[in-house]
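The next block holds one structure in the form of structure tokens; read it before the comments.
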Amino acid sequence: MHDKNVQLAEKIAHVLGDVVYTKFLFQGYHWNVLGPEFGEYHEFFGMLYEDLEESIDDLGENVVKAGYPSPYLLGDFNELSCIEEPRLDGSSTKMLLESSLRANEKIIKCYNTLMVEAEKCGEHGLMDFVGGRIDMHMKWNWQIKAFLGVR
């Protein structure tokens, strides 16, 4: 194995950990959101976690394509993730959205780091996948900020 493959696999695995962790976080928000606009936010968080769920398989397979076994245990994902566990005082929509924004912004940074590594390795298919994911997470950033009334 080339050193570049080790670094690439590690970066993909870290994004995978972040995505798995955040998927469960958003699913929990989907279940626990409260307030007069429950339906709208319940649906929004549902859309977020379902989309993350769909990206998990591609990330795991890309670790394997780099020549390494993909992590699959929940403890591994927790160790790999840099998403901070939120300290929430209830389930107000504002708190859940602020927490979602922080997690989403970290995922964007991790995907950007992965994009640089994929480019160094000439992994154009991975770059295409990562570019699509960055675009989706940027859209979510805009939507979450709009819900919060900020730019």
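The values are calculated or read from the model by the stated rules, or taken from the named source; none is laboratory data. Since this is a predicted model, take the numbers as computed values, not measurements. Cβ coordinates were reconstructed from backbone atoms using ideal geometry, including for glycine residues, and neighbour counts include every protein chain displayed. Keep in mind that these areas ignore ligands, DNA and RNA; they rest on the heavy atoms of the full protein, side chains included. Shrake-Rupley method; radii C 1.70, N 1.55, O 1.52, S 1.80 Å.
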Tell me what the chain gives for mean residue ellipticity at 222 nm when only DSSP H runs of n ≥ 4 count, each as -39,500 (n - 2.57), the sum divided by the residue total, rounded to 500 deg cm²/dmol. -27500 deg cm²/dmol
Looking at Met138, Pro71, Gly60, which one has the Cα that reaches farthest to the positive end of the dipole of region 30-151 (charges on Cβ: Lys, Arg +1; Asp, Glu -1)? Met138
Put Phe24, Phe44 in order of accessible area, largest first, probe 1.4 Å, and you get Phe24, Phe44
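Express the carbon and sulfur contribution to the solvent-accessible surface of region 50-106 as a percent, rounded to the nearest whole number, probe 1.4 angstrom. Present the calculation step by step, with values, prior to reporting the outcome.
Details: 1670 of 3440 Å².
Roughly 49 percent of what the probe reaches on region 50-106 is carbon or sulfur.
Which value, in debye to the nearest 20, describes the size of the charge dipole of the chain about its Cα centre when Lys and Arg Cβ atoms bear +1, Asp and Glu Cβ atoms bear -1, and nothing else is charged? Write out the running numbers ahead of the final one.
Values: 14 positive and 25 negative charges, 98 e Å.
Dipole of the chain, to the nearest 20 debye: 480 debye.
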With only alpha-carbon atoms in the gyration tensor, what are the semi-axes of the equivalent ellipsoid for region 1-77, in Å, largest first? 32, 10, 8
Give me Rg/Rg_expected for region 71-151, where Rg uses Cα atoms only and Rg_expected = 2.2 N^0.38 Å with N residues. 1.28
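Largest first, what is the accessible-area ranking of Asp128, Asp89 with a 1.4 Å probe? Please report the intermediate quantities before stating the final value.
Details: Asp128 120, Asp89 140 Å².
Descending accessible area places them as Asp89, Asp128.
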What per residue convex hull volume, in Å³, do the alpha-carbon atoms of the chain yield? 99 Å³
By accessible area with a 1.4 Å probe, ligands and nucleic acids excluded, highest first: order of Lys11, Lys4: Lys4, Lys11
With label points built 7 Å along Cα→Cβ from the Cα atoms of Phe24 and Glu98, find their separation and express it in nm. 2.4 nm
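For Leu8, what is the net charge nearby, where nearby means another residue's Cβ is under 14 Å from its Cβ and Lys, Arg count +1, Asp, Glu -1?
On the way: positive: Lys4, Lys11, Lys65, Lys120; negative: Asp3, Glu10, Glu61, Glu117, Glu119, Glu123.
Combined, the nearby Lys, Arg, Asp and Glu give -2.
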